[in-house]
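Read the figures in this text as sums done on the coordinates, not as results from a lab. Just so it is clear, the structure is predicted and the values come from calculations on it, not from any experiment. Neighbour counts are summed over all protein chains in view; Cβ atoms, including those assigned to glycine, are modelled from backbone coordinates with ideal geometry.
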Amino acid sequence: SSGINAEWPLRPGGGSSAIMICQLAAGNVDGFWLEGLHIWDMAAAVVIASEAGGVVISTVPGEEFDLTRRRVVVASTELLAGEIRDRIVRAPDDLFKREHC
């Protein structure tokens, strides 16, 4: 296990997506997820995170990451990225309502 515990709040990242992804690349955060992004919100930052050894995957299991799909899990390890994605999949539907974002 990567260390995600039951109390860990499953919330999307907030603020500038590019800055958040770069914060992961800098080692300041371990992982998060974002949805509703445009290519210009994340393209360069995804390259930076990947080059720094970060993992960038889709929020949908089995779906290959695609910048045009507007959703992303970014994490420091493959294991953590998978655990974040699994928590999103198991989350209640109301998690994705606007007041939670």
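Key figures for this structure:
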read-out	value
Sites ALA26 and LEU67, calculated FRET efficiency, Cβ-Cβ separation with R0 30 Å, nearest 0.05	0.90
For THR59, residues with placed amide H under 5 Å, excluding near neighbours	VAL72, VAL73
Size descriptor, Kirkwood hydrodynamic radius, that averages inverse alpha-carbon separations across segment 44-84, Å	10.3 Å
Net lengthening on full extension, ARG90/GLU35 (0.36 nm per residue, minus Cα-Cα)	18.2 nm
